[in-house]
1. Pairs only if they're at least six apart or on different chains, beta carbon under 6 angstrom, first in region 175-200 and closer than 25 Å to residue 159 by Cβ, second assigned to a helix (DSSP H, G or I) and acidic (Asp, Glu); list them, first residue then second.
2. Might you let me know whether region 42-50 holds any residue that is outside the structural domain of residue 159 (by TED's automatic domain parsing), among the β-branched types (Val, Ile, Thr) and surrounded by fewer than 22 Cβ atoms within 10 Å (Cβ to Cβ)?
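The values are calculated or read from the model by the stated rules, or taken from the named source; none is laboratory data. These figures come from a predicted structure and were not determined experimentally. All Cβ positions, glycine included, derive from the backbone under ideal geometry; neighbour counts span all protein chains shown.
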Amino acid sequence: MPEGKDVPAKILIAEDNKVNTKVLLLLLAQYKFDCDTVENGREAVEAAKKTHYNLILMDVHMPKMDGLEATQIIRQQEKATGGHVPIIAVTALSSDDDKQKCLNAGMDDHIAKPIDRDILYVKVNHWLNKSVETKADNTDFDLAHYEGIWLDPEDLKRILEHFGDENYDNLLRNYLNSAENYVEMLEKLLSERDKFQCFRVIQELNSASADVGARTICKFCRELNDMLAAAEWGELEEHYKDLKETFEEFSKFLKEKLAD
């Protein structure tokens, strides 16, 4: 049901990737939506049980309980209580089969990572029956400050236009913390030959890197993903070492820029 003109829509963001969460919050903040955040499917189920949400943005791959299972439980709860909250899958997996899995679980729609601002607003408009429009890109930003081999110029321009310098700096700080954890986790998972979790961490690192325009790290993620699919463990471990070394150089670059 649409909200009253002066009543902000209440949105739940279920996402364990802190960079993706930050991006969604920044994109939704200018329209003054009332947003809650949780980091896994179990927390999403509990939040939906306690609070009436007008929309849920649900990551598919999360720890403890994934978004598909969480959605199925929420739909079961709704059979007893009535109502239907729109649930949009937010995921790096965007094949037709992946989209169908989301629909089969009870989700209503799908948004691919990295988040495209205009697509997000189209989906929000549709499911909330709102008139959210993309605002003019008139924010001041310093593109030259971040130019270099590490960041994609077109992505960087788009990101800075969306968020401005200050928000982008905050996004980069979130990225550094999250990406460092993903790189460390990947080393352990590779040593354990945990294929499923390796896929998940590589996807999360790739998604977070795409959110900040880190094209070099995204390239490593795509290559690692292909090697993992072929179970080329020896080559994977060698390529991981290159990723780790490259990420350390990139991290140093970002920290110097953020300190300026």
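1. 182/204
2. Checked region 42-50: at least one residue is outside the structural domain of residue 159 (by TED's automatic domain parsing), among the β-branched types (Val, Ile, Thr) and surrounded by fewer than 22 Cβ atoms within 10 Å (Cβ to Cβ).
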